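Each remark here refers to the structure printed beneath this line.
The values are calculated or read from the model by the stated rules, or taken from the named source; none is laboratory data. Predicted, not measured: the structure shown is a model, and the values here were computed from it. Cβ sites come from the backbone with ideal geometry, for glycine too, and all protein chains shown count toward neighbours.
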Amino acid sequence: MAHSAPSRKRPATLGTVAVLLIVAIIGALWVPIYARSTPKLGPFPFFYWYQLILVPVVAVLSWICFLLLKTRPTPDAGPGDGGGAQK
Amino acid sequence: MNHLNAVTFVILVTSFLIVTLIGFASARWRPAEDPMQLTEWGLGGRGFGTFISWFLLGGDLYTAYTFIAVPALVYATGAAGFYALSYTIMVFPIVFIFAPRLWSVARVRGYVTLGEFVRGRHGSQGLGLAVMVTGILATMPYIALQLVGIESVLTVTGIGSTSGNVLVRDLPLIIAFGVLSAYTFLAGLRAPALIAFVKDILIYVTVIVAILYIPGRIGGWAHIFSVASTHFKTVNPATGKPFGSIVVLPAGEWAYASLALGSALALFVYPHAVTGVFAAKRRDVIRRNLAMLPAYSLILGLIALFGYMARAVPAVNAGVKAGGGNSQLSVPLLFARMFPSWFAGIADSAIVIGALVPAAIMSIAAANLFTRNIYKELLKPDATPAQETRVARLASLFMKVGALGFALALNKTFSINLQLLGGIWILQTLPATVLSLYTRWFHRFALIAGWAVAMAYGTVQAYRTPGGGQAHFGASAAPVFGHVIYIAVAALVLNLVVSAVLTLVFRKVGLQDGYDETRPADYTADPVPVPTAAAKTRTPAIPPR
């Protein structure tokens, strides 16, 4: 079975990824940050809109981590590999 | 109490039939050269790209738990039920860290289950068995939760008859489950992977319509929150305390955070989630998916708000009361009272199909575990791939029968407790599985001991916790050192302490360590896939071992 070379990422990249992921996790784990009802966003208490907004924020952070860690597919795999629907 | 609505019923049955057809047809989807390989039946040929993996993992993770159990908890207790949103926010960053390593080592070594990885990593059959047994044990109540979800929809639509005979009352449920078992048996993981498309379309449509349509009909969000706030402030005569709160109180913060963290850590050691990861085609597919899966978290957050909407509809409250205070009826009742009957049929289909897909994946995952860790390991080491596949098919049937028993026998007031109970057990495999992706510092026997102690502690603690009118297994959070926390997390800490201390002791007395068959490079490898996707240009598959 053909193996691509294990990717060795620079420590700075790995550090950035670690920080981003930890920020994402702490944002949800540290309940006292958001266990409050004000400021409200329209009728929504802070507790609700904070968590709902945190979802896309975490998605963006994870996407940045994905791009930072992305390995180049081996040349013969073709440019469209790994993308959309495989049918 | 609930009259059968003909339109809702016809739509529900039609979508069930469509899904059944897709299930049987999926056996011919992306046909395998040799369908009697376990990686074909049990992992869909390990060939799923980003698109399918996203639906499959989503179909895996968002289940009757999301549609029935979470809003039921919000309906009954308020903000405390939102721990599920916090859990699904943090789960993807956590999994982002370790899932690629797990995928790589499994691909290189041909592992189909976590039990095989643990056996290979630690050279310990016993530890592999412990992981397998825990996986099956924890999956049972999770499948049962899916059945409870389907049952609550059937109750509200009036399909389940009110007969006192269990067999007659639950006949529709048994039929639905029997059909599911048949196409899972035939098509393996391909069936839920294809049905997941239908499921997700139904769910997204239902949730978006509900969020846009219902609040306007019942007086807007301000009214919804004010009704909830007033209700949760009133004192529950049974406990002498308020029913709940719409913002987590300081006393509940530990429970909230530990339930979220414990559930997040547990999710990707569940066999069905591992199956979803292993079925991916490339290493990058997993990371890309973990960045995209939060779309499901957003949906979960919106569904949790259904609990408050239901609270604001008097007809729903009356219906829940008439159903014996079963808050799991709140979402199906909300649909029945708020939507025209044709759309209620679509929404109910979303819940039912949303429960069938994960039930199929879970039973396949458990069957894989049994096949690789008991049958191949202990009973018949020289089994051919075809024999493995046959055994796995049968095991998936047994799994479903077991779960059916679980669901019919258990108290269903708080089905979320079934999932939390599973979480207590499955989390105890974390040191042997996830930590072992990084280190072999722990001694294999110390890991077994830590697992055993924590399993015993967690089970006893859960047994001793009353709640929901039950004396035992009533809740999953209990006081530890002055804070009410999720038992799974307390047990995990105990697990780690025992494993660490015994590791030091065993090293001191020179107890022999196991042989590690994996190599450091295995964990970062990204093997180029065999071109399975283009079936026409297929080359003979390289056997995984």
* Asked: Counting only residues that are over 18 Å from B:G244 (Cα atoms), among the aromatic types (F, W, Y) and part of a helix (DSSP H, G or I), how many does segment B:303-339 have?
  -> 1
* Which members of segment B:69-84 meet the condition of being over 15 Å from the mean Cα position of the chain (by Cα) and part of a helix (DSSP H, G or I)? -> B:P71, B:A72, B:L73, B:V74, B:Y75, B:A76, B:T77, B:A79, B:A80, B:G81, B:F82, B:Y83
* **Where B:G514 falls short, out of the listed (1) surrounded by 13 or more Cβ atoms within 10 Å (Cβ to Cβ); (2) under 15 Å from B:H122 (Cα atoms); (3) modelled with pLDDT of 90 or more; (4) not charged (D, E, K, R)** => (3)
* Mind listing just one residue for me: the one in segment B:305-315 that is among the small types (G, A, S) and surrounded by fewer than 24 Cβ atoms within 10 Å (Cβ to Cβ) and, of those, nearest to B:V74 (Cα to Cα)? => B:A312
* Just one of (1) away from chain A (no Cβ under 12 Å); (2) touching a residue at least 60 places away in the same chain (Cβ under 8 Å) trips up B:Y83, so point out which. => (1)
* To do: Identify, from the list B:G126, B:G78, B:G110, the residue that is within 11 Å of chain A (Cβ to nearest Cβ) and surrounded by fewer than 23 Cβ atoms within 10 Å (Cβ to Cβ).
  => B:G110
* To do: Return the only residue of B:I97, B:I89, B:I175 being free of Cβ contacts under 8 Å to residues at least 40 places away in the same chain and within 14 Å of another protein chain (Cβ to nearest Cβ).
  => B:I97
* Criterion (surrounded by fewer than 20 Cβ atoms within 10 Å (Cβ to Cβ), part of a helix (DSSP H, G or I) and among the polar types (S, T, N, Q)) met by exactly one of B:T14, B:T8, B:T66 -> B:T14
* Asked: Any residue at all in segment B:208-226 that is more than 14 Å from chain A (Cβ to nearest Cβ), touching a His at 6+ places or on another chain (Cβ under 9 Å) and closer than 27 Å to B:L420 by Cβ?
  -> no
* Check on B:A27, away from chain A (no Cβ under 14 Å) and either surrounded by 20 or more Cβ atoms within 10 Å (Cβ to Cβ) or in contact with a His (Cβ under 6 Å, 6 or more places away or on another chain) (or both) -> no
* To do: Could you run through segment B:30-54 and say how many residues are closer than 20 Å to B:I195 by Cβ, part of a helix (DSSP H, G or I) and more than 14 Å from every other protein chain (Cβ to nearest Cβ)?
  => 4
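In segment B:85-113, which residues are out of contact with any Pro (no Cβ under 7 Å at 6 or more places or on another chain) and outside any helix (DSSP H, G or I)? Please lay out each step first, then the result.
First, the residues of segment B:85-113 that are out of contact with any Pro (no Cβ under 7 Å at 6 or more places or on another chain): B:85-91, B:93-106, B:109, B:111-112.
Within segment B:85-113, B:Y111, B:V112 meet the criteria.
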* **Residue check for B:I68: in contact with a helix residue (DSSP H, G or I) (Cβ under 8 Å, 6 or more places away or on another chain), within 14 Å of chain A (Cβ to nearest Cβ) and more than 16 Å from B:D526 (Cα to Cα)** => no
* To do: Just name the residue that is nearest to the chain's Cα centre (by Cα) out of those in segment A:14-39 that are within 9 Å of chain B (Cβ to nearest Cβ), free of Cβ contacts under 8 Å to residues at least 12 places away in the same chain and in a loop (DSSP other than H, G, I, E, B).
  => A:W30
* To do: For segment B:161-170, state whether one or more residues are closer than 30 Å to B:L404 by Cα, touching a residue at least 12 places away in the same chain (Cβ under 8 Å), in contact with a Leu (Cβ under 7 Å, 6 or more places away or on another chain) and away from chain A (no Cβ under 14 Å).
  => yes
* Mind checking which residues of segment A:43-87 are touching an Asp or Glu at 6+ places or on another chain (Cβ under 9 Å) and either at pLDDT 90 or above or within 7 Å of another protein chain (Cβ to nearest Cβ) (or both)? -> A:F66, A:L69, A:K70, A:T71, A:T74, A:G82
* Residue count, segment B:70-92 (criterion: within 21 Å of A:V23 (Cβ to Cβ) and of a type in the set (S, T, Y)) -> 4
